[in-house]
Amino acid sequence: MTLLLALLIGIVAGLRAMIAPAAVAFAARFGGLALTGTPLAFMGYAWTPWIFGIAALGELITDQLPQTPSRKVPVQFATRVIMGGLAGACIGAAHEMLAGGLIAGAIGAVLGTLGGAAARSRLAAIFHKDAPAAIVEDVVAIGLAIAIVAMA
């Protein structure tokens, strides 16, 4: 179950890079994810969830801008894989499976990046606009992140 949750949080990172680490940081800070004593304990420090939370809000806003680059360009893609790996590693570390969580999270981020781009393109075609598709993707990413950290 741990590796599945790590994979799923990676998928969230593929949809929205900063939502995944923000979710696990808030869970670590407020007791839902036991990272104390692990190399990722910093994710539960006082400022970490707020830093990732602000980054996530910024991402939700900038994603709506027309000049935002594709999630599939190298920098965007790499960021999603790194954040998916970090978030997955946090879930794994809470269950003594840090390396497995890292790998599952990174794989999930690849799946989320590619699958999310395809799904958003299809939704944008259905809506005849990108903004409603982006909002649906935001809601899915946030809801999924909350559900995953609640189960982790």
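The values are calculated or read from the model by the stated rules, or taken from the named source; none is laboratory data. Keep in mind that this is a model prediction, so the values were computed, not measured. Using ideal geometry, Cβ is built from the backbone for each residue, glycine included, and neighbour counts are taken over all protein chains shown. Protein only, heavy atoms only, side chains kept; ligands, DNA and RNA dropped before computing areas. Shrake-Rupley method; radii C 1.70, N 1.55, O 1.52, S 1.80 Å.
Going by a ≥ b ≥ c, the root eigenvalues of the Cα gyration tensor, does segment 7-86 fall in the rounded group (a/c under 1.5), the prolate group (a/b larger than b/c) or the oblate group? Before the final figure, lay out each step's value.
Working: a/c = 2.64, a/b = 1.78, b/c = 1.48.
Prolate is the answer for segment 7-86, as a/c is 1.5 or above and a/b outweighs b/c.
Write down the accessible area per residue of segment 1-126 in Å², having rolled a 1.4 Å probe over the full set of protein chains.
Working: 6020 Å² over 126 residues.
Averaged over the residues of segment 1-126, the accessible area is 48 Å².
Using alpha-carbon pairs under 8 Å, 6+ residues apart, how would you state the relative contact order of the chain in percent?
The normalised contact order for the chain reaches 38 percent.
Pull out the extension gain between residue 146 and residue 41, defined as 0.36 nm times the separation in residues minus the alpha carbon to alpha carbon distance; nm, one decimal.
On the way: separation 105, 0.36 × 105 = 37.80 nm, distance 1.98 nm.
Separation in residues times 0.36 nm, less the Cα-Cα distance, equals 35.8 nm.
What value, in deg cm²/dmol to 500, does the helix sum -39500 (n - 2.57) over DSSP H runs of n ≥ 4 give at 222 nm once divided by the residues of the chain?
On the way: 6 runs with 112 residues, N = 152.
Value at 222 nm, helices only: -25000 deg cm²/dmol.
In square nanometres, what is one fourth of the surface area of the convex hull spanned by the alpha carbons of segment 53-147?
For the Cα atoms of segment 53-147, the hull's average projected area reads 6.3 nm².
Taking 0.36 nm per residue of sequence separation and subtracting the Cα-Cα distance, how much length would be gained by fully extending the chain between residue 50 and residue 67, in nm to one decimal?
Extra length available between residue 50 and residue 67 comes to 3.5 nm.
Classify segment 95-152 as rounded, prolate or oblate, taking a ≥ b ≥ c as the square roots of the eigenvalues of its Cα gyration tensor: rounded when a/c is under 1.5, otherwise prolate if a/b is larger than b/c and oblate if not.
Judged from the Cα gyration tensor, segment 95-152 comes out oblate (a/c at least 1.5, b/c at or above a/b).
Of all accessible surface on segment 21-143 at a 1.4 Å probe, what whole percent is carbon and sulfur? Each step should come with its number before you reach the end.
Numbers: 4810 of 6460 Å².
Ligands and nucleic acids excluded, carbon and sulfur reach 74 percent.
Hey, if you put +1 on the Cβ of every Lys and Arg and -1 on every Asp and Glu Cβ in the chain, which of 149, 60, 133 ends up farthest toward the positive end of that dipole?
133
What is the helix-to-structure angle for 130-151, meaning the angle in degrees between its Cα long axis and the longest Cα principal axis of the chain, kept from 0 to 90 and rounded to the nearest 10?
Roughly 20 degrees, rounded to the nearest 10.
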